[in-house]
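The block underneath contains the structure these notes are about, expressed in structure tokens.
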């Protein structure tokens, strides 16, 4: 479990930490052997998975004897600042809000550095690019995409989990001959069919989707469709429609998005907004019409999937040049049944649209498409970005205000 130091109350991420530790889902027991752990933090962690990389490094150091486990201990030689998700394959995945995280840590890290301690930063390369202009030149910077490389960088050698060899069973000779004779024609047919079927290509595409490498996934699909082989074309058609397309729709349908007014606004404006939204609970394809004077509103999104998802929301309008004007955007990690409520923001009727994108994969592979979708005018460019998202298995939800002439 994970607790705040000095208390007996487990933090909300303790369940995730247990899965992160324990076989077969976790990586800590795979790397370091079985154990039972209580980890104390100096403050609460309520959501997200960016704690995984730092916690794993702490476990690795604790196993090697390199971790100071008490704040009353003598001054350490070095301090590590790390953030990132860790995949079951021991890849380090980038995370969001890195500039905010570093800005909030900067003063404490600087004080440690000024006290004579070495400050080392371990991040995914793309995360380090986001904050490179904020990091002092005399701090140690380590970028890596693999846990093994990160461990080596802090002076600890670890070995990846080994796969137990399969036991070989040798049948009796007469039975082996009969089986060989019986299955020989079947094997011949399968070999002839397998020569033409895009087994490896489909395996590659599925692997890219599982790893959240959405751009590589679409490239794999387009490359194989360009071959114009009818077997390949049909195989990828079923993959796109019945796997990626169905997944995109399932993810989008499982989001419950509602809009409400902020009670803190002026009485008259608040009454008009409440009246406008009195019949609106869940947004289903149509963004409600609001008073021309504007309303202070907030959105709420609930994850009705059976697994954790990453969600990005945005509300856009139009500026004086009829170009998209992003009124609000926010992202959150939601576990099954979790509800995320956005901060309040002010909007008026200016051709408002609500966009949401959701996936059970990290957003580093599709976040750019979401940003392009909300910042491009309606038309081919926006449809292309929506298509990139849905074609790679990301759920997309769009709700727009109707034109004043056809709204009833």
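Only the coordinates and a few stated rules stand behind these numbers; no lab work does. All of these numbers come straight from a predicted model, not from anything done at the bench. Using ideal geometry, Cβ is built from the backbone for each residue, glycine included, and neighbour counts are taken over all protein chains shown.
The order of 237, 208, 243, going from fewest to most other C-beta atoms within 10 Å of their C-beta, is 237, 243, 208. Model label sites at residue 225 and residue 398, defined 7 Å from Cα along the beta-carbon direction, differ in position by 1.8 nm.
Peptides 30-36, 355-361, ordered by how many other C-beta atoms sit within 10 Å of their residues on average, highest first, read 355-361, 30-36.
Estimated from the Cβ-Cβ distance and a Förster radius of 41 angstrom, the FRET efficiency linking residue 47 and residue 381 is about 0.80.
Under the 0.36 nm per residue contour assumption, what length would be gained going from the current alpha-carbon distance of residue 126 and residue 284 to full extension?
Numbers: separation 158, 0.36 × 158 = 56.88 nm, distance 3.58 nm.
Additional length available on full extension: 53.3 nm.
How would you classify segment 199-251 from its alpha-carbon gyration tensor, with a ≥ b ≥ c the square roots of the eigenvalues: rounded for a/c under 1.5, else prolate if a/b is greater than b/c, otherwise oblate? Because a/c hits 1.5 or more and a/b fails to exceed b/c, segment 199-251 counts as oblate. A straight chain from residue 210 to residue 335 at 0.36 nm per residue would run longer than the Cα-Cα distance by 43.2 nm. Each label was represented as a point 7 Å from its Cα along the Cα-to-Cβ direction; for residue 345 and residue 40 these points are 4.1 nm apart. Normalised by residue count, segment 68-159 yields a Cα convex hull volume of 113 Å³ per residue. Taking label positions 7 Å along the Cα-Cβ direction at both residue 117 and residue 203, the computed distance is 4.8 nm, reported to one decimal.
Based on the Cβ-Cβ distance from residue 274 to residue 99, what FRET efficiency comes out when R0 is 56 Å, to the nearest 0.05?
Using R0 = 56 Å, I get an efficiency of 0.95.
Counted by neighbouring Cβ atoms within 10 Å, the residues 289, 98, 128 run from fewest to most as 289, 128, 98. Compared with the direct C-alpha span, the chain from residue 91 to residue 368 gains 97.6 nm at full extension, assuming 0.36 nm per residue. On the beta carbon distance between residue 243 and residue 320, with R0 = 45 Å, the FRET formula returns roughly 0.55.
Take every pair of alpha-carbon atoms less than 8 Å apart whose residues are at least six positions apart; their mean separation over the length of segment 199-251 yields a relative contact order of 27 percent. Each peptide among 130-143, 10-23 gets the average number of other Cβ atoms lying within 10 Å of its residues, and from highest to lowest they stand as 10-23, 130-143. Derived from the Cα gyration tensor, the three semi-axes of the equivalent ellipsoid of segment 2-153 are 23, 19, 16 Å, largest first. Computed packing ranks the peptides 304-312, 54-62, 331-339 as 54-62, 304-312, 331-339, most packed first, by mean other Cβ atoms within 10 Å.
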